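What follows is a short report on a single structure.
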Amino acid sequence: MLKILIPTMMLIPSATLIQHKLLFTSMTSYSMLMTLLSLQWLHTPMMLNNMFSNQYLFIDQISAPLIILSFWLLPMMIIASQNHLKMEPKSRKQGFLMNIAALQTLLVMTLSANNMTLFYILFEATLIPTLIIITRWGSQPKRLTAGTYFMYYTLLRSLPLLIAILFLNNQENNSNFLMLTLLKPNTHNQLTNNVLWLACMTAFLVKMPLYGVHLWLPKAHVEAPIAGSMVLAAVLLKLGGYGIIRMTPTNISTTLIYPTIAMATWGIIMTGLTCLRKTDLKALIAYSSVGHMGLVASATLIQTPWSTSGAVILMVAHGLTSSMLFCLANMLYERTSTRMLIAMRGMQKAMPLMTSYWLIASLTNLALPPTINLIGEIQIMTTLFNWSPLTIMMTATGAAITAIYSLQMFMTSQQGHLTKDSKEVYPAQTRELLIMIVHALAILLLTKDSELIK
């Protein structure tokens, strides 16, 4: 574990020591090497706990795909941010890359923490570099409001989690995730169970986010720079689902999961309907993330092996798809200086090659067979139907609405006549094509062999 964690930490001082003209090239090459090193976790799933574990950190079949996803997107974030940072002085470029590297290090440690208290500390620590990226390198004046929303929603909902972890540690004299799965939990009365469950789960449900406590997400996405949007959509939202899966053994079953699952499945429809009338492209993709995370929240709360497998598959698939969509949206924003869908029409005439990547991203977002998104969604829908047949009404309706707004987004941005302001749009650059190819390659490889992350 340390042979990958220590080089990841060394990315932070590397950002300050590398020459200015080699800064982005060296950091991208270094992070791509880290990505290749991390791929070894895919090939030894049954040996992960023996080979890559110690007293404080461990990797298993749940955390390995998410850690690899974060490493896979690290070089893509650096490449995508080059145009955004082009006019910045050297010190600010270094500060940005240091923040990205610090966030990556904290994410890897959070996803491999073996101890509840350590997990909580690292879970909250990821907030700091993300907040700095949004508030410092965001492009609009409202970024400070977005940062405030992000801070208060995430931090205030996490304080009960700390109290719950200390209470459980006091009860069991142990806070190790692996030990808690083996110990028989102490029996409490129903009120204590409900309060404990709420304290443990609220922090993760806000982070996902669950529909109803999702208002911070569209603001954060819209105001964040491209690297912030990519890491937020691809990995930070997945910490919520990962946290629920990890904390499940500590909680005795409670009736509170019924209204929560109802809210999550209802949110799939509501966010889909919101997406149908959104004019801001980044806000549309952000609301799409809320709908997909509703499926993941439902699956993780049911707590069956089939639903957990489906949740991990959908988290990885959605991480790649939403990251690709945000990159495409950023490419249009850099050329048109607007996020309004109506002002982006006719891009197929100006950027014909990018239209094919828009089609791939839109079709994977609506879970076209045989993509990896479909496998995850079908698994989750099946387990939800077995748990309660009524849920098929909401999940099927949500899937239909997702297909409508995904195709509407594609048609609005690509077809039609170019606006007068868009006549001078330049075609895709090599670095942008590289980002698209790497995203599409990961989606296609996982579609071919989804056993890698099951």
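The values are calculated or read from the model by the stated rules, or taken from the named source; none is laboratory data. In this text the structure is predicted, and so the values were computed from the model without any measurement. Glycine gets a Cβ as well: all are built from the backbone with ideal geometry, and neighbour counts include every protein chain shown. Accessible surface areas use protein heavy atoms only, side chains included; no ligands, DNA or RNA. Shrake-Rupley method; radii C 1.70, N 1.55, O 1.52, S 1.80 Å.
Here are some notes:
- Modelled label positions at GLN408 and SER91, each set 7 Å beyond Cα in the direction of Cβ, lie 4.8 nm from each other.
- Gain on full stretching of the segment that runs from ASN83 to GLN19 - 0.36 nm per residue minus C-alpha separation: 21.2 nm
- LEU166 paired with LEU182, simple spin-label distance in nm, labels 7 Å along Cα-to-beta-carbon: 2.8 nm
- Only protein heavy atoms count here; on that basis, with a 1.4 Å probe, MET354 has an accessible area of about 0 Å².
- Multiplying the residue separation of ALA262 and GLU424 by 0.36 nm and removing their Cα-Cα distance gives an extension gain of 53.5 nm.
- Per residue, the solvent-accessible area of the stretch 116-453 (1.4 Å probe, heavy atoms of protein chains only, all protein chains present) comes to 39 Å².
- Where HIS43, HIS20, HIS188, HIS292 fall by accessible area, highest first, once all protein chains stay in place (1.4 Å): HIS43, HIS20, HIS188, HIS292
- Label-reachable residues, the stretch 145-164, where backbone N falls under 13 Å from a point 7 Å from LEU191's Cα toward its Cβ: none
- Charge sum, other residues only, whose C-beta stays under 11 Å from ASN114's C-beta, Lys/Arg counted +1 and Asp/Glu -1: 0
- Scanning the chain for DSSP H helices at least 24 Å long along the axis (C-alpha atoms) with a Kyte-Doolittle mean no lower than 0.5 picks out 63-80, 90-111, 143-172, 190-207, 257-276, 281-302, 305-336, 391-414, 430-448.
- Sum of side-chain charges, ASN83 neighbourhood, beta-carbon under 15 Å (Lys, Arg +1; Asp, Glu -1): +2
- Computed FRET value (nearest 0.05) for ASN174 with SER29, which takes r as the C-beta separation and R₀ as 45 Å: 0.55
- Neighbourhood charge, 12 Å Cβ-Cβ cut-off, centred on THR145 and excluding it, Lys, Arg +1 and Asp, Glu -1: +2
- Accessible area per residue was computed with a 1.4 Å probe on protein heavy atoms; TYR333 scores about 70 Å².
- Taking the chain and dividing mean pair separation by its residue count, relative contact order in percent (alpha carbons under 8 Å, at least six apart): 15 percent
- Three principal axis lengths of the stretch 392-439 [C-alpha, angstrom, descending]: 46, 31, 11
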